[in-house]
1. Pick out the one residue from A240, A221 that is within 13 Å of V272 (Cα to Cα) and buried (at least 18 other Cβ atoms within 10 Å of the Cβ).
2. For the range 256-300, give me each residue that is over 30 Å from E407 (Cα atoms) and β-branched (V, I, T).
3. Run down L357, L348 and say which single residue is more than 24 Å from R438 (Cβ to Cβ), without any contact (Cβ under 8 Å) to a residue 60 or more places away in the chain and over 27 Å from the mean Cα position of the chain (by Cα).
4. Is it fair to say E457 is assigned to a helix (DSSP H, G or I), open to solvent by 60 Å² or more (accessible area, probe 1.4 Å) and under 29 Å from L180 (Cα atoms)?
5. Name the residues in the range 419-450 that are aliphatic (A, V, I, L, M) and open to solvent by less than 10 Å² (accessible area, probe 1.4 Å), would you?
6. Does the range 151-175 hold any residues that are in contact (Cβ under 8 Å) with a residue 12 or more places away in the chain, surrounded by fewer than 15 Cβ atoms within 10 Å (Cβ to Cβ) and within 21 Å of the chain's Cα centre (by Cα), and which are they?
7. Could we say that R370 is among the basic types (K, R), open to solvent by 40 Å² or more (accessible area, probe 1.4 Å) and under 28 Å from the mean Cα position of the chain (by Cα) here?
Amino acid sequence: MSAPSAGSGATPPPSGPGDPGHVATAGLSLWPFRGLRYVPERVGTLAAVTSPPYDVVDPHRRLSLETADPHNVVRLILPRPEPDDTGERADRDTRYRHAARLLESWLREGVLAPDPRPALYVYEQRTAADSPTGELLQRGLIGALAVSGREGAVVLPHEDVMPRPVADRVGLMRTTRANLEPLLLTYRGKGPAAAVIERTVLGEPLLTTTTSDGTRHRLWAVTDPVELAEVSRDLATCRALIADGHHRWEMYLRLQREHRHLPFSPWDRGMVLLVDTARYPLRVRAIHRVLYRLPLRRALEALTVCEDGWRVSELSGDLNAALAALDEAKRAGGNAFVLTGGDGVRRLLTGPGEALLDTTVAKDRPEEWRHLDATVLHATLLEHVWQVPDGPDDIGYLHAAAAAEREAARTGGTAVLLHPVDEGVVRRLAEQGVTMPRKSTSFGPKPASGLVLRSLELG
């Protein structure tokens, strides 16, 4: 990545042994960049042009975002296929080219504009006690992070990825030549970076907006060379856990490999939000499964035949009561799931016996990994008991339990509701180089997309 010019007013942090090449640094290396931001006078409101991350936008939400403002960032992160000159539906490449053309036109028209100086951005999310998510305050740093693989042990993934979403994100970034939304990473700092953040939020923000979920978002720029150096020294002692964005991190890695022939490459860095969870702990939620082609009746019959230590009991009350029963079962130890066809009838599934785990779950991993609910669900239930293929036509992933129930009812399938994994478990496994089954966790709050973008054309 090319360094800011001497006249830019900002000096990049000291580079580590891997900058600007392709060797991992000893710790995190976060550089300032000239963010692309919406020009308030050219859009309805800043809230109307933001979006949740691409992978949590369902079709209904996508449509509402598109109609909220013609310049909503969802049109870039989830571009619509457009008919070509022959009237045929566009292929994936045309979708990506459409996003690139949109980005170019919004820059040309002044809807988006680059900040005058490279900066690290302090980002704050705040919700009130009476909001749907409850009271929350989170602050972190948005910057361009040096990209390194697992061998560097600097950025730790904790989940496996699926090839199709990675290929989709690679195609979009390759064509737009931009980081359209930040990944969410956590770290544990020594204090100086946090001190810079706390001093920065005492000043006037670059922007303030409140989204429809009641979250207030604020953004500040850090451009002072002394403060940038403070942050750099602190982060150089740290490593990060990928909280949200595994597929996009794999996208960064793949595109970095594609551009290895460039000695100073903007593809060596990717835009992230770094949150110090020692000060601002994230919330960890479960991601639920919907088995589209497995009706609940057949799922229960297979468990009855299996006779391997499974126990099924019918639950009374509403969805909240079922999730409370799931929480109680987890506190008692062992694996537990809620099964439902979305008809209001829910069952608690606990087990299995150790004998079944020994025959179905790999033994070359830590015991903590072997007993994860997601591990047992995929290795034992899906593969062995229910024989459900691991593909998008058979398994759906939903972040909200109510949405999973609705999808099960719509498709005639089975919703499997899971309990959240403790962040400490996630970090311990990641530090051992062990990844969890994909879509095992949902960390939040997730950063809003559209508040700041990074163009690789700006260096």
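The values are calculated or read from the model by the stated rules, or taken from the named source; none is laboratory data. Small disclaimer: the values here were computed from a predicted structure and weren't measured. We place every Cβ from the backbone using ideal geometry, glycine too, and count neighbours over all the protein chains shown. Ligands, DNA and RNA are stripped out before the accessible areas are found, and what is left, the full protein with its side chains, is counted by its heavy atoms. Shrake-Rupley method; radii C 1.70, N 1.55, O 1.52, S 1.80 Å.
1. The match here is A240.
2. The answer is V272, V275, T277.
3. L348
4. Values: assigned to a helix (DSSP H, G or I): yes; open to solvent by 60 Å² or more (accessible area, probe 1.4 Å): yes; under 29 Å from L180 (Cα atoms): yes.
Against the criterion (assigned to a helix (DSSP H, G or I), open to solvent by 60 Å² or more (accessible area, probe 1.4 Å) and under 29 Å from L180 (Cα atoms)), E457 qualifies.
5. The answer is V426, L429, A430, M436.
6. A153, D160, R164
7. Values: among the basic types (K, R): yes; open to solvent by 40 Å² or more (accessible area, probe 1.4 Å): no; under 28 Å from the mean Cα position of the chain (by Cα): yes.
Answer is no for this residue.
Listed here are the residues, each with its yes/no results for (1) assigned to a strand (DSSP E or B); (2) buried (at least 20 other Cβ atoms within 10 Å of the Cβ); (3) modelled with pLDDT under 95.
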| residue | (1), (2), (3) |
| --- | --- |
| L255 | no, yes, no |
| W267 | no, yes, no |
| R293 | no, no, no |
| V305 | no, no, yes |
| G309 | no, no, yes |
